[in-house]
């Protein structure tokens, strides 16, 4: 029988995100997660067999939900308008889920974790939305964009890193300023 999404399970995932957002996944322990979630250790192990299972779930859900938001953001938009929508929704997620996005940033290029395959599949889905917008920009300009997958990764990474910089160190800067600051170089440098 598949385990349902329960309030206990959600509390565990939330606690894991908070702890890993503060000190990283490696430093997070099952004991710390149980205490932060306010659940007995037995309940923790009933819902998740291991710390790896917890963080595999956290990371996969994060990228699946992010991809869903990307898809909604670009609905009815193409090219530059789609790219602007992607930057805006990504920045919104970064500021609203900073701890989770910090975990994603720390883990996105790790290949030594048990969750590398499902996380990689979810990562590729998120990047595909950026890649589609990049290809459309090339089409709008009348020339195919070279290496659109690599450029999608560069655009995603630029927004991820700059968005975390903004969220953590410059939160007083309005999001519209951050979007405008990011979108011009993404369009000009990556796609010219």
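The values are calculated or read from the model by the stated rules, or taken from the named source; none is laboratory data. The shown structure was predicted, so the numbers you read here are calculated from the model rather than taken from an experiment. Ideal geometry is used to build each Cβ from the backbone, glycine not excepted, and the neighbour counts take in all protein chains shown.
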Candidates 101, 108, filtered to the one that is closer than 17 Å to residue 87 by Cα and either touching a residue at least 24 places away in the same chain (Cβ under 8 Å) or not assigned by TED's automatic domain parsing to the domain that holds residue 25 (or both):
101
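Suppose we filter 105, 158, 126, 133 for residues that are under 17 Å from the mean Cα position of the chain (by Cα), surrounded by 20 or more Cβ atoms within 10 Å (Cβ to Cβ) and within 19 Å of residue 69 (Cβ to Cβ); which single one remains? Spell out how you get there, then give the answer.
Working: 105 fails: surrounded by 20 or more Cβ atoms within 10 Å (Cβ to Cβ); 158 fails: surrounded by 20 or more Cβ atoms within 10 Å (Cβ to Cβ); 133 fails: under 17 Å from the mean Cα position of the chain (by Cα).
From the options 105, 158, 126, 133, the qualifying one is 126.
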Would you pick out the residues in segment 74-96 that are under 15 Å from the mean Cα position of the chain (by Cα) and without any contact (Cβ under 8 Å) to a residue 24 or more places away in the chain?
89, 96
State all residues of segment 165-178 that are under 17 Å from residue 155 (Cα atoms), buried (at least 17 other Cβ atoms within 10 Å of the Cβ) and under 17 Å from the mean Cα position of the chain (by Cα); if no residue qualifies, say none.
166
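Yes/no matrix, rows are residues, columns are (1) within 28 Å of residue 22 (Cβ to Cβ); (2) without any contact (Cβ under 8 Å) to a residue 40 or more places away in the chain:
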position	(1), (2)
120	yes, yes
133	no, no
138	no, no
142	no, yes
153	yes, yes
164	yes, no
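Quick one: would you say residue 72 is at pLDDT 90 or above, crowded, with 20+ Cβ neighbours inside 10 Å, in the same structural domain as residue 178 (by TED's automatic domain parsing) and in contact with a helix residue (DSSP H, G or I) (Cβ under 9 Å, 6 or more places away or on another chain)? Lay out the reasoning, then the answer.
Details: at pLDDT 90 or above: yes; crowded, with 20+ Cβ neighbours inside 10 Å: no; in the same structural domain as residue 178 (by TED's automatic domain parsing): yes; in contact with a helix residue (DSSP H, G or I) (Cβ under 9 Å, 6 or more places away or on another chain): yes.
Criteria not met by residue 72.
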